[in-house]
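The values are calculated or read from the model by the stated rules, or taken from the named source; none is laboratory data. Source: prediction; values computed, not measured. Cβ: placed from backbone, ideal geometry, glycine included. Neighbour counts: every protein chain shown. In case anyone asks, the SASA skips ligands and DNA or RNA and just uses the protein heavy atoms, side chains included. Shrake-Rupley method; radii C 1.70, N 1.55, O 1.52, S 1.80 Å.
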Amino acid sequence: MSLPAILISDMPADYAALLVTQFGLAPITAASDWYLCWATDQLVLRHADLPKQGDILVDFASGAASYRRQFGGGKDEAIAKACGLNKKRDLQIVDATAGLGRDALVLASLGARVTLVERNPMVAALLHDGLRRATEAPLTAELAKRMQLCFSPALVALTELPAADVVYLDPMFPPREKSALVKKEMRAFHDVVGSDQDADALLAPALALAKYRVVVKRPGYADVLAQQAPQLQVKGKNNRFDVYINQAIK
Ligand SMILES: C[S@@+](CC[C@H](N)C(=O)[O-])C[C@H]1O[C@@H](n2cnc3c(N)ncnc32)[C@H](O)[C@@H]1O
């Protein structure tokens, strides 16, 4: 895992100080390895020696995110069905492994209120910045109101957060493809975040917190989490969603 570094030159000083304090980042003045930096008023993740990698950021407002927001599969999408958003729109969902917030965006776009739990300082800072921009943009301001960041290990958050309707888990899973073929962003993520060795331990506290269900996203080839069989499986295009039911959604 990389040192959670942030290049503070060229950044507004007060914002850099806030991010350093809030996420325990290490301020640096010269690029090295993976680091956060300021690019056209956005916080991005960059690698000093991999210029072709491209910047990684959380962007709830444009490109693919915007398309999904406007035209996404809606409540019939596999993730929506798995979470029960086809039965009740305003669910309170804890996304305990938020990553770059793509799944959280889909859930919030469909009407859920989502708490995004992330323990990696650099990823959490990217989420914070994505939410800041989403709050400031008229197109996404309402959506941003339904998303809240919680910078914490999930094992802590799942015991401290108020009860939720659904807990959503998408821990890192070792990619099956040879490393050269793995998508660039995926490779970056594995470098920065490492593997989630404690993923199995999340299921029990997730089930204790969720009123209705726990949903676990897995690659199609992966074993079930914690060797515990789900009551329901919803197949998506590239993944499946294992659903552990506590109570039916009325
Ligand atoms: C596969 S990514 C999630 C991708 C996310 N679903 C999305 O749509 O962007 C897994 C993320 O969960 C985070 N994570 C894994 N285990 C965690 C834990 N126990 N507590 C908090 N965050 C965790 C990792 O740091 C990583 O950012």
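Express the carbon and sulfur contribution to the solvent-accessible surface of the chain as a percent, rounded to the nearest whole number, probe 1.4 angstrom.
54
Restricting the calculation to Cα positions, tell me the Rg (one decimal) and the Dmax (whole number) of the chain in Å.
My reading of the Cα-based Rg and Dmax gives 17.8, 55 Å.
Looking at region 202-250, which chymotrypsin sites (Phe, Trp or Tyr not before Pro) are in a loop (DSSP not H, G, I, E or B) and have at most 14 other Cβ atoms within 10 Å?
Tyr221
Among Val216, Ser152, Leu116, pick out the residue whose Cα is farthest towards the positive end of the charge dipole of the chain, where Lys and Arg carry +1 and Asp and Glu carry -1 on C-beta, about the Cα centre.
Val216
Is region 5-53 rounded, prolate or oblate when judged by the Cα gyration tensor, a ≥ b ≥ c being the square roots of its eigenvalues, rounded requiring a/c under 1.5 and prolate requiring a/b larger than b/c?
Prolate.
Excluding same-chain residues fewer than 8 positions from Lys81, which aspartates and glutamates have a Cα within less than 18 Å of its Cα?
Asp90, Asp95, Asp103, Asp165, Asp170, Asp242
Once you list every other residue whose beta carbon is under 9 Å from the beta carbon of Phe241, what net charge do they have if Lys and Arg are +1 and Asp and Glu are -1?
Details: positive: Lys81, Lys217, Arg218, Lys235, Arg240; negative: Asp242.
The answer is +4.
Give, rounded to the nearest 20 debye, the magnitude of the charge dipole that the chain has about its Cα centre when Lys and Arg contribute +1 at Cβ and Asp and Glu contribute -1 at Cβ.
1120
Using the Cα centre of region 96-207 as the reference point, and only Cβ charges (+1 on K/R, -1 on D/E), how large is the resulting charge dipole? Debye, rounded to the nearest 20.
Computed charge dipole of region 96-207: roughly 340 debye.
Taking only DSSP H segments of four or more residues, each worth -39500 (n - 2.57), what value at 222 nm results for the chain once the sum is divided by all its residues, to the nearest 500 deg cm²/dmol?
Rounded to the nearest 500, it is -9000 deg cm²/dmol.
Distances over 14 Å make up what percent of all Cα-Cα pairs in region 197-250?
Above the 14 Å cut-off, region 197-250 has 52 percent of its Cα pairs.
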